[in-house]
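The values are calculated or read from the model by the stated rules, or taken from the named source; none is laboratory data. Just so we're clear, the structure is a prediction, and the values are computed from it rather than from any experiment. We place every Cβ from the backbone using ideal geometry, glycine too, and count neighbours over all the protein chains shown.
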Amino acid sequence: MALIKSISGIRGTIGGRVGEGLNPLDTVKFVSAYASVMRNRRNNDSNTIVVGRDARISGKMMEHLVVGTLMGMGFDVVNIGLATTPTTEIAVTMENACGGIILTASHNPRQWNALKLLNEDGEFLNAEEGQEVLKIAEAEDFSYADIDHVGSVREKDYTDQHIQAVLDLDLVDVEAIKKANFEVAIDCVNSVGGLVIPRLLKALGVNKVNELYCTPNGDFPHNPEPLPEHLKDISVMMKTTTSDVGFVVDPDVDRLAVICENGDMFGEEYTLVAVADYVLKHTPGNTVSNLSSSRALRDVTRKYGCEYNAAAVGEVNVTTKMKATNAVIGGEGNGGVIYPASHYGRDALVGIALFLTYLANEKKKVSEIRASYPQYFIAKQKVELTPNIDVDAILGTVKDKYSQYDVTDIDGIKIDFPDKWVHLRKSNTEPIIRVYSEAHTMQEAEQIGAQIMSVIKELAN
């Protein structure tokens, strides 16, 4: 059993002894701590907290625990039930709530669940707020409401409002999509996307939808992280149907993978690149992604004479950088599209609508669009160290050794070579350094990663 406590939320496997998994007692403790922070820090007059969940098997149990605890803390709850992460985020602002909790472990397997914690803007808590939640939970320093101040609960479905908000975006062209007469294949991994994505595609005017794993029962038919090795079934569907494009979402629908008409992977890193290409063509401006995302976004941004900026890994870091630089589009290389014209959160619904509009306007095959972008490959490796090794000192030495290159140290160490890069990040939970590297071929990416790894090993001896 596992329980991982971080400033971005609490996740763990269901069951086990107290402190060993995301069991009922630990769930109540962390929700109570979050409610305490919201009570002390809320920036509006609202006493409402929104709760939404994906379709995990443990979701209904978690929903009862979370809603009841919030009521016990004196908050009124808007329970939106089965809802995507971005739906829950926009529901917070539509309700003028003081916060929100999303019950989802994102791409983690079926035995996992998590508490994702939102502020009054429907965005993830910042580091200071997240640390305060952990501190209060550790001390179990919370006070529950008396009988005259117990909260209430009401249920509301925000799916239609979310879909309509997507349709209302200026760069979403429903008429163009209808005229294109698209046939689309989808894999929703038997989670909440199975409820939402078919409705979105119908509203966008897609002619035919070939559904794969759209029963929201939480019984994931394959590893729910939308990586190429997990998407063989939809690849076969693309080859055996006349689908123009395939879309795959993770269990909470904030990540989007695209499949070409021939069954090839578009590449998760290139979801954001393609959407950004379309957005920048019509609304030039700055872009942001995290340090471990593909350089292709930088290349596309510069094509339009605009500025690209990198942020530390983590959605809250990306959105903070986007606000600081007035970025018109941004996100993460894991298929996370953040479009400020909609809201500051990764949103696969927005990504699908913008991609289909782009595809309709370009009148090209998806594979042709993919071929138009610079070819990059990312290798992901790690160096295991002994617990007594000073990882920060090693990273500092690596930074000095490669100081003749463009080195960024806002999140580990990233070395930008002229035609490739390497990003080194230490793990917060184990004595390892993660080594991500990108180049124009996988061989080059692995080689430059291995080169830096050998330097780390020498320093560790």
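Taken together, the residues in segment 410-425 that are more than 22 Å from the chain's Cα centre (by Cα) and in a loop (DSSP other than H, G, I, E, B) amount to 2.
If you check Val350, Val337, Val398 for being within 23 Å of Thr320 (Cβ to Cβ), in a helix (DSSP H, G or I) and in contact (Cβ under 8 Å) with a residue 60 or more places away in the chain, only one passes: Val350. Within segment 429-456, restricting attention to residues that are surrounded by 14 or more Cβ atoms within 10 Å (Cβ to Cβ) and charged (D, E, K, R), the residue that is nearest to Val313 (Cα to Cα) is Arg434.
The strands (runs of 3 or more DSSP E) falling completely within segment 1-61 that include 1 or more residues that are among the aliphatic types (A, V, I, L, M) and at pLDDT below 95 map to 3-6, 9-13. The set of residues in segment 201-243 that are surrounded by 21 or more Cβ atoms within 10 Å (Cβ to Cβ), over 26 Å from Leu82 (Cα atoms) and hydrophobic (A, V, I, L, M, F, W, C) contains only Met238. All conditions in (1) closer than 30 Å to Gly12 by Cβ; (2) touching a residue at least 24 places away in the same chain (Cβ under 8 Å); (3) not in a helix (DSSP H, G or I) hold for Asn388, with the sole exception of (2). Those helices (runs of 4 or more DSSP H) of segment 249-330 in which at least 1 residues are closer than 20 Å to Asp347 by Cα and under 16 Å from the mean Cα position of the chain (by Cα), considering only elements entirely within it, cover 268-282, 315-325. Output the qualifying pairs, or none if there are none: Cβ atoms under 7 angstrom, residues six or more apart or on different chains, first residue in segment 255-269 and buried (at least 24 other Cβ atoms within 10 Å of the Cβ), second residue acidic (Asp, Glu). Listed by first residue and then by second, the contacts come to Ala257/Glu268. Taking segment 78-105 as the range and being surrounded by fewer than 23 Cβ atoms within 10 Å (Cβ to Cβ) and polar (S, T, N, Q) as the test, the residues that pass are Asn79, Thr93, Asn96.
So which residues in segment 178-194 are surrounded by fewer than 21 Cβ atoms within 10 Å (Cβ to Cβ) and either touching a Pro at 6+ places or on another chain (Cβ under 7 Å) or in a loop (DSSP other than H, G, I, E, B) (or both), if there are any at all?
So the first thing to find is which residues in segment 178-194 are surrounded by fewer than 21 Cβ atoms within 10 Å (Cβ to Cβ), and the list is 178-183.
Result: Asn181, Phe182.
Among the conditions (1) under 21 Å from the mean Cα position of the chain (by Cα); (2) at pLDDT below 95, Thr85 misses just one, which is (2).
Considering (1) buried (at least 19 other Cβ atoms within 10 Å of the Cβ); (2) in contact (Cβ under 8 Å) with a residue 40 or more places away in the chain; (3) among the hydroxyl-bearing types (Ser, Thr, Tyr); (4) over 25 Å from Gly205 (Cα atoms), the lone condition that Tyr308 does not fulfil carries the number (2).
Return the residues of segment 324-334 that are at pLDDT 95 or above and out of contact with any Phe, Trp or Tyr (no Cβ under 7 Å at 6 or more places or on another chain); say none if nothing qualifies.
Within segment 324-334, the subset at pLDDT 95 or above is 324-332.
Matches in segment 324-334: Ala324, Thr325, Asn326, Ala327, Val328, Gly330, Gly331, Glu332.
Scanning segment 365-376 for residues that are crowded, with 19+ Cβ neighbours inside 10 Å and under 22 Å from Ala445 (Cα atoms) yields a total of 3. Residue count for segment 126-161 satisfying the condition of being polar (S, T, N, Q) and in a helix (DSSP H, G or I): 3. Looking at this structure, is Ala257 of a type outside the set (D, E, K, R) and either touching a Lys or Arg at 6+ places or on another chain (Cβ under 7 Å) or closer than 20 Å to Val166 by Cβ (or both)? Yes: the conditions hold for Ala257. Restricting attention to segment 430-445, does a residue exist that is of a type in the set (Ser, Thr, Tyr) and over 28 Å from Phe266 (Cβ atoms)? Taking every residue of segment 430-445 in turn, none turns out to be of a type in the set (Ser, Thr, Tyr) and over 28 Å from Phe266 (Cβ atoms). Applying the set (1) under 30 Å from Glu95 (Cα atoms); (2) touching a residue at least 24 places away in the same chain (Cβ under 8 Å) to Asp168 leaves exactly one unmet item: (2). Check segment 144-151 and report whether any residue there is out of contact with any Gly (no Cβ under 8 Å at 6 or more places or on another chain) and surrounded by 14 or more Cβ atoms within 10 Å (Cβ to Cβ). No, there is no match, as no residue in segment 144-151 is out of contact with any Gly (no Cβ under 8 Å at 6 or more places or on another chain) and surrounded by 14 or more Cβ atoms within 10 Å (Cβ to Cβ). Inspect all residues belonging to segment 377-384 and state whether any of them is buried (at least 16 other Cβ atoms within 10 Å of the Cβ) and within 30 Å of His282 (Cα to Cα). The answer is yes, given that some residue of segment 377-384 is buried (at least 16 other Cβ atoms within 10 Å of the Cβ) and within 30 Å of His282 (Cα to Cα). Within the set of pairs 6+ apart or on separate chains, which have a first residue in segment 142-154 that is free of Cβ contacts under 8 Å to residues at least 40 places away in the same chain, a second that is surrounded by 11 or more Cβ atoms within 10 Å (Cβ to Cβ), and C-beta atoms under 9 Å apart? Hits for this filter: Asp146/Gly74.
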